[in-house]
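Some notes on the structure that comes next.
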Amino acid sequence: VASTIASLSLWMQDYYGKRLQTQKDLQTNACLAPTKPVPPFIREALKKVHPEVSDKYYGCGLVVPECLEGCRILDLGSGSGRDCYMLSQLVGENGHVTGIDMTEGQLEVARTYIDYHMKEFGFKKPNVDYVQGYIEALTEAGLPKNSYDIVISNCVVNLSPDKKRVLAEAYNVLKDGGELYFSDVYSSARLPEEIKTHKVLWGECLGGALWWKDLLQLADEVGFSPPRLVTASIITVDNKELQDILGDFKFVSATYRLFKIPKGNDKTCQTIYNGGITGAESSFQFDCHYTFKANEVVEVDAEVASILTHSRFTENFTCQPPGGSSTSCGAKPKVSVSFKFLDVKLSGF
C-alpha cells in the first residue's frame, strides 16, 4: 500500500502541480460538477479570494457545512487554498482553518496570499495555516488528534488508493461530536484495474472513484455514524476517448456528512429547529431527507437525534422524547418530516 500511495502521490503532484495550470486544462468536467446552489453570503466570501488562488482551484462542487462561527476546520487536499480563504471569513477571527496538501506548488500559491487575505478580511492575525502532507497520514504531518470541529474534503478522497485510512485519520483528528463533510465522485459499481490504473482518469477524479455502497461499509468500520447524503448530481464526462475507456460505468458528484458520535442510540425524538444558523435562519437542510423549518416540531430517527444532541448543532435544536409537550416551544407538531427528493437517487444506479 505504501509503495502504491507513493507512486500515485508523485503522479498527482506532477498532474496538479505542473500539468494543470488552470481549470481549462482539465480533460473532463468531473472536478467541476456542481452539487448545490451557492448561497449569496458564500458567493460574497468567494469574491474576496485572490484571483490566482481561485484560478488554481480544481474542486468538485463546493463543501460548506453550516454553523461555522468559531469552529476549527481542516481542509483535506486544500490545493491553492480557495476554500480555506472562503471558510476563514465564515469561522471568523476566533475560528481557525488548516489546509493540508501534498503538492508543493499548490501550497506555495496558498501561502503567498495569507497576509493579503487577512488584510482583505480585516483580521489582526492569521486564522489560516497550511501543512504539507498526505491525507492518509494526518497525525504524521503534525496535526493533533481530537482537535477539529469539522474536516472537509473537496473531490480529494477519490485520489487516495487507501480510502479507509483517509477516513480513519479524519476520525482521529476530529473532536467528539465532530463532522466529516465532503464532496466527492462515486461510481455505479466497483471499477476494474484498467480504469483504476489509468493515470489521466485518476487525475480527473474518475479512476479512483469509490463505489458508493463501499463508503457506507468503510465509514462503519472506522467508527463514523452512517453517512448522510446531502445532495448529488450526475457527472457527464464529455470526452469521447475517456468515455470509451469508462464504458457503461456511471458517476455522480455527491456530498455526504459523517459524524463522530456515540454508538447505540435507538431513541427517536421530536426536535425543533430554533433558527439562527447563518444562511439557514428560517430553513436548514440537514440532508436529502430532513429539511428543518424554524420553530416547527419534527420527529427524527434515532440516528439524527443522536447527531443533533452530540454535535455543534446542539444549541440550535430543542429535542424532547416522542409525545412530549411542545407547548413551551409555541409550535404545533408536524405529522411527518419534510422530504426533498433528489433528481439523482444513488440507490437507482
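The values are calculated or read from the model by the stated rules, or taken from the named source; none is laboratory data. Keep in mind the model is a prediction, meaning the values are calculated, not measured. Here Cβ is always computed from backbone atoms with ideal geometry, including for glycine, and neighbour counts include all displayed protein chains. Protein only, heavy atoms only, side chains kept; ligands, DNA and RNA dropped before computing areas. Shrake-Rupley method; radii C 1.70, N 1.55, O 1.52, S 1.80 Å.
The stretch between Lys124 and Asn295, if pulled fully straight at 0.36 nm per residue, gains 57.8 nm over its current Cα-Cα span.
Using the structure shown, select from Lys164/Lys213; Lys175/Lys293; Lys164/Lys196 the pairs with a Cα to Cα distance greater than 23 angstrom. Checking Cα-Cα distances, Lys175/Lys293 exceed 23 Å. The listed residues Leu180, Leu210 rank as Leu210, Leu180 when sorted by accessible area, largest first, using a 1.4 Å probe. Solvent-accessible surface (1.4 Å probe) assigned to His198 amounts to roughly 50 Å².
Over the Cα atoms of region 225-296, compute the convex hull volume and normalise it per residue, giving Å³.
157
For the pair Ala302 and Asp220, label points projected 7 Å from Cα toward Cβ lie 1.4 nm apart.
The heavy atoms of Cys319 offer some 50 square angstrom of accessible surface to a 1.4 angstrom probe.
For region 73-188, the fraction of 1.4 Å probe accessible surface lying on carbon and sulfur atoms is 43 percent. Per residue, the accessible area of region 61-144 comes to 38 Å² when a 1.4 Å probe rolls over the protein heavy atoms. So how far, in whole Å, is the C-alpha centre of region 43-119 from the one of region 197-220? Value for the Cα centre distance between the two parts: 24 Å. For Ser147 and Asp266, the difference between the fully extended length at 0.36 nm per residue and the C-alpha to C-alpha distance is 40.1 nm. Each of Thr236 and Glu281 was given a label point 7 Å from its Cα along the Cα-to-Cβ line. The distance between the two points is 3.8 nm.
For Ala137, the shell of other residues with beta-carbons less than 15 Å away shows a net charge of -1, using +1 for Lys and Arg and -1 for Asp and Glu.
Of the trypsin sites (Lys or Arg not before Pro) found in region 86-127, the ones in coil according to DSSP and having at most 10 other Cβ atoms within 10 Å of their Cβ are Lys124.
Using a 1.4 Å probe, what is the accessible area per residue for region 222-304, in Å²?
With all protein chains present, region 222-304 gives 42 Å² per residue.
As a length-normalised measure over Cα pairs under 8 Å and 6 or more apart, the relative contact order of region 89-153 settles at 39 percent.
Net charge around Gly70, counting only other residues with Cβ within less than 10 Å of its Cβ (Lys, Arg = +1; Asp, Glu = -1)? Spelling it out: positives minus negatives among the neighbours equals -1.
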